[in-house]
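Here, each number is a calculation from the coordinates, and none is a lab measurement. Everything numeric in this text was worked out from a predicted model, so none of it was measured. With ideal geometry, Cβ positions are generated from the backbone for all residues, glycine too; neighbour counts draw on all protein chains shown.
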Amino acid sequence: MIEIRLDQIKEILKSLKLKKGSSCLLHSSMINIGKVQGIKIEDTPKTIINLISEEIGPQGTISALTPFYDYSNSKKMFDLNKGMCSKEVGSINRYIAKISKSRSIDPTFNISSIGKKANYINNNVSPTSFGLGSSWDRLCKLNTDIIFLGCDLSVCTFIRFIESKFGVTYLYNKYFNIPIKRNRKIISHYSSSLLRYKQIKLQYELRNFQMHLLKKNFLRKSKNKHFEAMAINMNPCLDEGISELKKNCFYFLKRNPFNNQKKFLPQD
């Protein structure tokens, strides 16, 4: 595994021009970031979060995607206070889920937050993934900075939010009548998530959108040679995404998924 020094990570974060007091949504890949010299692997997530916190200050907020996919895949009840978080999202996200005292109630596109505006983002929110009053809606209202460390736009969950606002035809809202708990108390009897159709194969291709945002100077990309690092505010990302979807409703996809598709059924 590649090794990197703490001072090098600090330099990379500074190059992203994060503002004091800002709201940030973190995407990361520990494999691509590498091993931090002098830090145990199990302590690396905490170290990364502390470095970001230093950049945005005590008035800042850090959020991450912390979904519990067993809710939709295996029909298991979701309990906000049990630290339930799927392994697929990585160790830094799971660390935030563990230490966060503020978590959204939508299990599939769940958000955990720490910092000044954590409660605003996640408390008393809608059980829908991206609707008005959802955590994603509030993140967007804060013009949250999306940070990519060791990854690129291919992992950007905010793309689904953009698709929901535009109303793409290749996704649909699915209703789940599975309870959601907090402190053993049911706080919602349902949730609703924007999902893919079962029999349509979607292949996302976001390199063109990433280059578009770079050319427009909305995407701030570090020039470091250690790992890929970028940041972009949600509002220009949303506006540019909607603008491109108006020109081509399959802009985020490799190809039109309905070509040669005679019929399709919703996902189970």
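For the charge dipole of the chain, defined by +1 on Lys and Arg C-beta atoms and -1 on Asp and Glu C-beta atoms about the Cα centroid, which residue among LEU253, LEU194, ILE31 has the Cα displaced farthest towards the positive pole?
Toward the positive end, the furthest listed residue is LEU194.
Let me spell out the model: positive unit charges on the Cβ of Lys and Arg, negative unit charges on the Cβ of Asp and Glu, origin at the Cα centre of the chain. What dipole size does that give, in debye rounded to 20?
Values: 44 positive and 21 negative charges, 75 e Å.
Roughly 360 debye, rounded to the nearest 20.
Rounded if a/c is under 1.5, else prolate if a/b beats b/c, else oblate: with a ≥ b ≥ c from the C-alpha gyration tensor eigenvalues square-rooted, which is the stretch 95-169?
Oblate.
Order the peptides 59-68, 199-208 from the highest to the lowest mean number of other Cβ atoms within 10 Å of their residues.
My ranking of the peptides, most packed first, is 59-68, 199-208.
What's the FRET efficiency of GLU42 with LYS82 using the Cβ-Cβ distance as r and R₀ = 22 Å, to the nearest 0.05? Intermediate values should be presented prior to the final figure.
Details: r = 21 Å, r/R0 = 0.94.
Working from the Cβ atoms, E equals 0.60.
So if I place +1 on the C-beta of Lys and Arg and -1 on the C-beta of Asp and Glu, and nothing else carries charge, what would the dipole magnitude of the stretch 155-235 be about its Cα centre? I want it in debye, nearest 20.
The dipole magnitude comes to about 260 debye.
Placing +1 on the Cβ of each Lys and Arg and -1 on the Cβ of each Asp and Glu in the chain, which of ILE41, GLY167, MET84 has its Cα farthest towards the positive end of the resulting dipole?
Toward the positive end, the furthest listed residue is GLY167.
Under 19 Å from the Cα of LYS117, which aspartates and glutamates turn up, not counting those fewer than eight places away in the same chain?
Candidates past the 8-residue exclusion: GLU54, GLU55, ASP106, ASP137, ASP145.
How compact is the stretch 151-218 by the rule of thumb for globular proteins, expressed as Cα Rg over 2.2 N^0.38 Å?
Here the answer is 1.50, to two decimals.
Convex hull volume of the Cα atoms in the chain, per residue, in Å³?
Convex hull volume per residue, Cα atoms: 128 Å³.
Which order do the peptides 166-172, 48-54, 2-8 come out in when sorted by mean C-beta neighbours inside 10 angstrom, highest first? Write down the numbers at each step before the final one.
Working: 166-172: 15.3, 48-54: 17.4, 2-8: 13.1.
Those peptides, ordered most packed to least, come out 48-54, 166-172, 2-8.
Between LYS223 and LYS141, what is the spin-label point distance in nm, taking each point 7 Å from the Cα along the Cα→C-beta axis?
3.9
Given the options LYS215, LYS14, LYS87, state which has the largest fluctuation in a GNM of the chain using a 10 Å cut-off (strictly under) for Cα springs.
LYS215
Applying 1/(1 + (r/R0)^6) with R0 = 51 Å to the Cβ-Cβ distance of PHE258 and ASN183, what FRET efficiency is obtained, to the nearest 0.05?
For R0 = 51 Å, the calculated efficiency reads 0.70.
Given Cβ point charges of +1 (Lys, Arg) and -1 (Asp, Glu) and nothing else, what value in debye, to the nearest 20, does the dipole of the stretch 1-88 about its Cα centre take?
Using Cβ point charges on Lys, Arg, Asp and Glu, the stretch 1-88 gives about 140 debye.
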